[in-house]
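Structure record follows, encoded as structure tokens.
A short reminder: the numbers here are calculations on the coordinates, not readings from a lab. The structure presented is a predicted model; accordingly, all values stated were derived computationally and were not measured. FYI the Cβ positions are ideal-geometry reconstructions off the backbone, even for glycines, and counts take in every protein chain you see.
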Amino acid sequence: MSSLLIEIGVEELPASFVARAMEQMPVLVKSALAAARLTHGEIEALGTPRRLALRVEGVAEAQPDLEEEVLGPPRAAAFEADGTPKQAAAGFAKKNGMDVSAVRIAKTDKGEYAALTRKEKGLPAREVLGKVVEAATKITFPKAMRWGQGDIAFGRPVHWIVALFGSDVIDASFANVRTGRRTLGHRFLAPGWIELAKADDYLEALRAAHVLPRTSERRAAMIEGLAASAKDNAAEVVPDDFLVEENLTLVEEPQIVCGHFEDRFLSLPDDVIVAVMRGHQRYFAARDVGGGKLLPRYFAVVNTALDPKTILRGNDRVLRARLSDARFFVEEDRKKTLADRLPKLDGIVFQTKLGTVGEKVRRVGKLAAALSGDAEAELLAQLCKADLVSLIVGEFPELQGVMGRWYAQKEGLSARHADVIRDHYLPKGASDVVPTDTLAAHIAVADRVDTLVGCVGVGIVPSGSADPFALRRAVLSVIRIALEGPIDVDARAVFLGAYGGFVSQGKTLAAEAETLSKLDELVRGRLKSYLGEKHGADVIEACLAAWSGGSIRDLVARVEALSAIRREAEFDSLTVAFKRAHNITKDVASSDAALRAELFDHDAERALARAFDGVKARIDEATGKGQYAEALRLVATELRGPIDTFFEQVFVMVDDAAVRANRLLLLARIAGTVSRIAHLHLLSGAASTTG
Amino acid sequence: MTFQELILSLQKFWADRGCLIVQPYNSEVGAGTFNPATFLRAIGPEPWNVAYVEPSRRPTDGRYGENPNRLQQFHQFQVILKPSPLEIQELYLDSLRALGTDPNKHDIRFIEDDWESPTLGAWGLGWQVWIDGLEISQFTYFQQVGGIDCKPISGELTYGLERIAMYLQDVDDVYELEWSKGIKYGEICKRQEWEWSTYNFERADVPLHLELFDRYEEQCRVLLGLSKEKGKGNVLVFESDDSLKRLVLPAYDCVIKCSHYFNVLDARGAISVTERQRYIARVRHIARAVCETYAAQREALGYPLLKAPVSAETATAEVAR
């Protein structure tokens, strides 16, 4: 066994390309090794901006010998009755490169056939690994490019390929480059070719040449370097996973330098300073130890640091210019109030059929005012988006809301309203918090609901992985605001309200009923996946079936009540009983007809009717108040016994039509009362039977 | 190294490596890419190696001469190597060495930066080159120009001359750059920045520019004999199939004009975000017609530059004869 090394040397690849190639190469090579019938040990993907590499340990020296049975023509076609081979047998042997004497007869399920045992000597790995090396180059990049004569496409131009099996070069070629044993070290710190004696020398040789091809090693070196530099400068690095991963694929060997900028720039909002350093320069921000106050310092991850002073002089100057620019943007922006900017929103198309962002914010404002009962919400909801047309947000889109808040504070809006401008974007992701302020929550809901109704109304509905307007996330945000935030949301009512907003602006949406029904489906789908993390799918189904599509909190109250009570042992028999009741009454037409006591002919039946009579009003009352745990508890304590006894002792489907109908009516009434809370027959667990 | 020494050094460096040195284009362009020596020559199979300075106008970048880093007119040094040689990065680094910059003492990086010009229907992949965190060059492998796939591929190097000069002279303010010994950049360009910023942002006549845009667009159509209707599959329809009857170079100037007037209107705030896309599409459309015509013309002419490259020595020998 020997190690296999494949390295493709390239011009600097984008970070995302390296990550993608490192995912694909092991898969490509693994399947090529399998096809080549070579056993192997661990596969490790390696990569830096300038190289994509793969190490495979313990690759077999040779393929195992192959012995396989090849079936030919049927016996009758291949042999005379006396066993003499016919022409067909000879042809079959010849085709497989064997003598006709080797052809024998094999019995199969389908009859007897001429057969050959074909033996193939396994080839040495060196002779078949070329295909494996070629397979490693079949990476697909998000955007491949061509270069030179323009015949070949790859992530970036290919300069060299190392392909070593043990100490032997595996001959192959790609992109007009032949494989060899030469690699290049760090572009500046170790220029020149490095001859690798064997595959296993790779990591060591590159480390010596200032290249750390193993991502984990590079990351550790960067984090260690950052910590050391922070310590030297009595500062703390503001953690940023994006920057760690980004810088990781921008250097072959990370070096850290700590630079600084002038105190005067600290008058800019912290978020702007961080965005400038992060977005433009990939610098880590620095803050004071413990206090969290931003310091006029930064940490840059560089590829070469032979002369840190020179490097810092350059970086400091760049940052100063960038911060000056940001300050220019902020100063320009402040010459206009947020309200002054609103007309400009009419110049941004939200969606062709739904009009401009200006139209959208006016709809959202009206809806938010209606939802919150706060007239101020109408203007505030519009101001929430005014920073979209500011210079600074144009430069740093991720600062939307944050800068709106800052400008609002500077122009003297109340602290609460300024916060609303920032917080109406919450939650920004699955792990983000929801707004805590009621006004922010109302605007947040109105904004998303407007998008939902509009998109669904013009036929943009998420399907599979296609969800260009992130509608699923919008629904999830509304659900989370209703459950984790300060306000409940009546889904049906807000959808209806938003629909009205489009109508009054003269927008053409699909019919109201159709739109609402699609939205209802969307909401139910999201509720299932959101609640599915904590509750059983059957519990959710049972409650969704009873839920009107209105209050989100109401649905969750049902789910929580049912989840809690069904864990109790007695509840199982109740489920069984309701399944039976459902099965035998599902064809019973709902009827206002009164139950006729005189038709009851069994004690268990009378007992059930009595028990139901006694508790129905209380169940209805608890249900009406949304006290679902209480209502279900009443069902369990008051009705379980009588129902069980009823099903044990009473045969429902008697011949006497009047008695049977009366009995079914009783069961239907009980089922109907309980199914206002949840459709218990949808619960899984107890087996379904018919009565 | 003064600003003009920088230009002279780069010209010498690239001339020594076989590039033609041509001059800036005599119409308003936003970048060296607009110069026909890049934009049109990138089309088709003919080899082409060229270098030139391009004063480039970006009306929205104007800062009235008050920002030490932003200018509405700055200078690019543009190099086109077609086909792109495999050692193009090393050539570029050698050019920095020629400017007295030792790449080993700095942190030089090639950072992903794909380039796309929606108005020109062109795109490419490549990098920004950073030196100590400062972007000093753009490096692009053209993939498509005017909607036509490039083959071979041109490698485009664009040096930001002011930035590099500021770096080399270690000054923070562009206006403090020494253009030549004793004459500062600001003495030559500051007033110009103020006047053009004022013009672009405040004074440029909007109706006039709107009209100029329309008329040059129309002129371009006429020069190309480009029909307003498109054919099946969105193909462009020309009145004459003979591309040599069309005046493609004047037509291309119309594209440059439209693009520039659009930029001025943009700086004047006269174009809403919605209209922007439509204007861009209009320029892209005529740019595409120009590129298709140019490609057809070169073919009709038998690709004159596709002959074996004439080396300097043989050329001299021929002259001597």
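With labels modelled as points extended 7 Å from the Cα through the Cβ direction, what inter-label distance (nm, one decimal) is found for A:ASP613 paired with A:LEU595?
About 0.8 nm separates the two model spin labels.
Could you point to the residue in A:MET1, A:ALA32, A:ALA88 farthest towards the positive end of the protein assembly as shown's charge dipole, with +1 and -1 charges on the Cβ of Lys/Arg and Asp/Glu respectively?
The listed residue farthest towards the positive side: A:ALA88.
Take every residue in peptide A:320-329, count the Cβ atoms of other chains within 10 Å of its Cβ, and give the average of those counts.
3
Once the piece of chain linking A:GLU484 and A:ASP655 is laid out straight, how much longer is it, given 0.36 nm per residue of separation minus the C-alpha distance between them? Don't skip to the end; give the middle numbers.
Working: separation 171, 0.36 × 171 = 61.56 nm, distance 5.49 nm.
So the extension gain works out to 56.1 nm.
For a test of the definition: using alpha carbon positions, the gyration tensor, and the 1.5 limit on a/c, classify the stretch B:111-189 as rounded, prolate or oblate.
Working: a/c = 3.34, a/b = 2.30, b/c = 1.45.
Verdict is prolate for the stretch B:111-189.
Tell me which aspartates and glutamates have Cα within less than 16 Å of A:LYS94's Cα, excluding those fewer than 8 residues away on the same chain?
Partners found: A:GLU69, A:GLU120.
May I ask you to derive the FRET efficiency for A:LYS95 and B:LYS245 from their Cβ-Cβ distance with R0 = 41 Å, giving the value to the nearest 0.05?
Approximately 0.05, to the nearest 0.05.
What FRET efficiency, computed as 1/(1 + (r/R0)^6) with R0 = 35 Å and r the Cβ-Cβ distance, is obtained for A:ASP171 and A:LYS143, rounded to the nearest 0.05? Don't skip to the end; give the middle numbers.
Details: r = 31 Å, r/R0 = 0.87.
That gives a FRET efficiency of 0.70.
Scan the stretch A:559-607 for GluC sites (Glu not before Pro) in coil per DSSP, keeping those whose Cβ has at most 10 other Cβ atoms within 10 Å, and list them by number.
On the way: sites: A:GLU560, A:GLU568, A:GLU570, A:GLU598, A:GLU605; in loops: A:GLU568, A:GLU570.
Sites meeting the loop and neighbour criteria: none at all.
Filter the DSSP H helices in chain B by two things, a Kyte-Doolittle mean of at least -1.0 and an axial alpha-carbon span of 18 angstrom or more, and list the hits by number.
Length and hydropathy pass: B:3-16, B:206-224, B:248-267, B:273-300.
Per-residue Cβ counts within 10 Å, from other chains only, averaged over B:297-307: what number is that? It would help to have the intermediate numbers written out before the result.
Details: counts 0, 0, 0, 0, 0, 0, 0, 0, 0, 0, 0.
Partner-chain Cβ atoms within 10 Å, mean over residues of B:297-307: 0.
Between B:ILE188 and B:ASP266, take the C-beta separation as r, use R0 = 30 Å, and let me know the FRET efficiency to the nearest 0.05. Kindly include the intermediate steps, with their values, before the conclusion.
Details: r = 26 Å, r/R0 = 0.88.
E(calc), rounded to 0.05, equals 0.70.
Could you name the lysines whose alpha carbon sits less than 22 Å from that of B:LYS190, not counting residues in the same chain fewer than 8 places away?
B:LYS181
At 0.36 nm per residue, minus the direct Cα-Cα distance, what do A:LYS534 and A:GLU512 gain on full extension? Give it in nm, one decimal, please. Intermediate results must be reported in sequence, preceding the final value.
Working: separation 22, 0.36 × 22 = 7.92 nm, distance 3.34 nm.
Gain on stretching A:LYS534 to A:GLU512: 4.6 nm.
What lysines could a cross-link reach from B:LYS184, if we take a straight Cα to Cα line under 17 Å and drop same-chain neighbours fewer than 8 places away?
B:LYS184 reaches no qualifying lysines.
Can you find, among B:VAL206, B:LEU306, B:ALA281, the residue sitting farthest towards the positive end of the charge dipole of the stretch B:205-306, where Lys and Arg contribute +1 and Asp and Glu -1 at Cβ?
B:ALA281
For the pairs B:LYS82/B:LYS151; A:LYS143/B:LYS82; A:LYS336/A:LYS410; A:LYS366/A:LYS410; A:LYS534/A:LYS579, flag any whose C-alpha to C-alpha distance is greater than 18 Å.
With Cα atoms farther than 18 Å apart: A:LYS143/B:LYS82; A:LYS366/A:LYS410; A:LYS534/A:LYS579.
Normalising by the residue count of chain B, find the relative contact order in percent from Cα pairs under 8 Å and 6+ residues apart.
Working: 561 pairs, mean separation 62.9, N = 321.
The normalised contact order for chain B reaches 20 percent.
Report the paramagnetic label zone for B:GLN169: residues of the stretch A:288-327 whose backbone N is under 18 Å from a point 7 Å from Cα along the Cα-to-Cβ axis.
Within reach of a label on B:GLN169: A:314, A:317-318, A:321.
Among A:ILE487, A:ILE670, B:ILE271, what is the fewest-to-most ranking by other Cβ atoms within 10 Å? Walk me through the numbers on the way to the answer.
Details: A:ILE487 18, A:ILE670 26, B:ILE271 23.
Fewest to most other Cβ atoms nearby, the residues stand as A:ILE487, B:ILE271, A:ILE670.
Find which of A:LEU608, A:GLY459, A:VAL674 sits farthest along the positive direction of the dipole of chain A, computed with +1 on the beta-carbon of Lys and Arg, -1 on that of Asp and Glu, about the Cα centre.
Going by the Cα projections, it comes out as A:GLY459.
Under a crude label model (7 Å from the Cα following the beta-carbon direction), how far is A:SER548 from B:GLU202 in nanometres?
6.3
Going by how many other beta carbons lie within 10 Å of each one, how would you line up B:ASP102, A:ASP333, A:ASP644, fewest first? If you can, show how the numbers build up before the last one.
Values: B:ASP102 12, A:ASP333 22, A:ASP644 17.
With the fewest neighbours first, B:ASP102, A:ASP333, A:ASP644 line up as B:ASP102, A:ASP644, A:ASP333.
Contour minus end-to-end for A:ARG126 and A:GLN409, with contour as 0.36 nm per residue of separation and end-to-end as the Cα-Cα distance? Present the calculation step by step, with values, prior to reporting the outcome.
Working: separation 283, 0.36 × 283 = 101.88 nm, distance 7.10 nm.
94.8 nm is the gain from fully extending A:ARG126 to A:GLN409.
A:SER504 label point, 7 Å along Cα→Cβ, cut-off 15 Å on backbone N: hits in the stretch A:332-376?
Answer for the stretch A:332-376: A:359-376.
When a/c reaches 1.5 or more, the comparison of a/b and b/c decides; with that in mind, is chain B rounded, prolate or oblate per its Cα gyration tensor?
oblate
Please state the shape class of the stretch A:215-333: rounded when a/c is under 1.5, otherwise prolate if a/b exceeds b/c and oblate if not, all from the C-alpha gyration tensor.
On the way: a/c = 1.72, a/b = 1.54, b/c = 1.12.
Prolate, since a/c reaches 1.5 and a/b exceeds b/c.
Any idea how far apart B:ARG97 and B:VAL22 come out in nm if each label point goes 7 Å out from Cα toward Cβ?
Output for this residue pair reads 3.0 nm.
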